[in-house]
1. Residue check, residue 32 against (1) out of contact with any strand residue (DSSP E or B) (no Cβ under 7 Å at 6 or more places or on another chain); (2) touching a residue at least 24 places away in the same chain (Cβ under 8 Å), all met but one. Which one?
2. Which ones in region 280-318 are closer than 14 Å to residue 336 by Cα and in contact with a Ser or Thr (Cβ under 6 Å, 6 or more places away or on another chain)?
3. Can you work out which of the residues in region 67-88 that are in a helix (DSSP H, G or I) and in contact (Cβ under 8 Å) with a residue 40 or more places away in the chain is surrounded by the fewest Cβ atoms within 10 Å (Cβ to Cβ)?
4. Quick check, is residue 102 more than 30 Å from residue 13 (Cα to Cα), surrounded by 13 or more Cβ atoms within 10 Å (Cβ to Cβ), modelled with pLDDT of 85 or more and of a type outside the set (Ser, Thr, Tyr)?
Amino acid sequence: MYDRHRSRIRDNYKLCDLITARQWRLPVTTNPELKLVFDSIMEMKIQNNSEPDKLIWTPHPQGRFTIKTTYEVIRQRRELRPWTQIIWGEHIRPRHSFVLWLAIQDTLPMQEKLVEWNKINISNCYLCSQGLQAMDQTQMPIHYPNRSRPRARTVWYPEICSTRLWGHVMEWCGVKRLVDQAPAEWIWIFHAFKGKSLKKLMIQSALAATVYWIWSERNARMYGGSIEQRPLFHLITRDVTLRLAALEKRHKDTPDNQFAAARIGRVDLITLRPRRMLQWELPAKGWHALNSVGSLMSNKVSYGGIIRDETGAVNLAFCASSNERSILYLELMGIAKGIEVAMTLNISKLHIRTDSMMSTGILLK
């Protein structure tokens, strides 16, 4: 503001007021910084045209002034926090995201802060009518050196009512675990909730809705009664269901995503895997064929096989789980089990078929 006045350029000046006979006529200044600016302007050539003056907002690609580009220019840029992806997004109501963001930053107005500032002597929870000591809440901030942790401390309201409510919400989302104390619970949340699958989006939305409704109910009871006659659990699940039901992006066909889609009533959000038609090659006359396979997945380890006769009819199918996490072991177990059950069926001519080159190499030795 000070430099603008010292430039001796009035607010109502137009570009034409600073040009005479296609020459710059800038005010004289002794300020070194302004002199550099004026010198750079003097180096610009004035075009010979009669077009009217117009303002061009250079941060915008089309020269238009917008609040968005203005914010991008003036805002401070810092390192992106790793937990931001679980509190912002179209799958969460904006008001829920905002309250959760305040909670994570430890900026929600709470009685605990008034106690620290010696403004009041005791802080009582309006949800369970117990003091902080009875709830075993953490009084001091939790510091994690060299880690991008949120500054949440008593944000999770770790008392009986909210802990039980959070456990019910997690169970509704398909997560069964005991709710830990506030610091440990937040550490688990920011590790376990990362991801963009449909189930992870549902859990993130449920987290934001839970914090929002607990905070709203706490304020309502403090200033004049409950805001809703319906249970908080119903309000949370309602908001999550309605928000996710409006999504359009489809997700992979996985058990977790199928669970989430069924929970919100949008099974069409799952992209079904294309069905592949398999054509079995019939074994030679008088022979039987064993097709075996091993499967090693993150949550399941198994092997199995099918025995068919010369007509293609299935004589026997089997499958079993295993604790051994080796695909070669599983492939060989499928073959060994197939040979074992073939012997019980008095099958003497058995053609073994497997897609494992390592298993084939071992059998041919």
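The values are calculated or read from the model by the stated rules, or taken from the named source; none is laboratory data. Small disclaimer: the values here were computed from a predicted structure and weren't measured. Every residue, glycine among them, receives a Cβ derived from its backbone with ideal geometry; neighbour counts consider all protein chains shown.
1. Looking at each condition in turn, residue 32 falls short on (2).
2. Scanning region 280-318 gives 292, 302, 305.
3. 85
4. Values: more than 30 Å from residue 13 (Cα to Cα): yes; surrounded by 13 or more Cβ atoms within 10 Å (Cβ to Cβ): yes; modelled with pLDDT of 85 or more: yes; of a type outside the set (Ser, Thr, Tyr): yes.
Yes.
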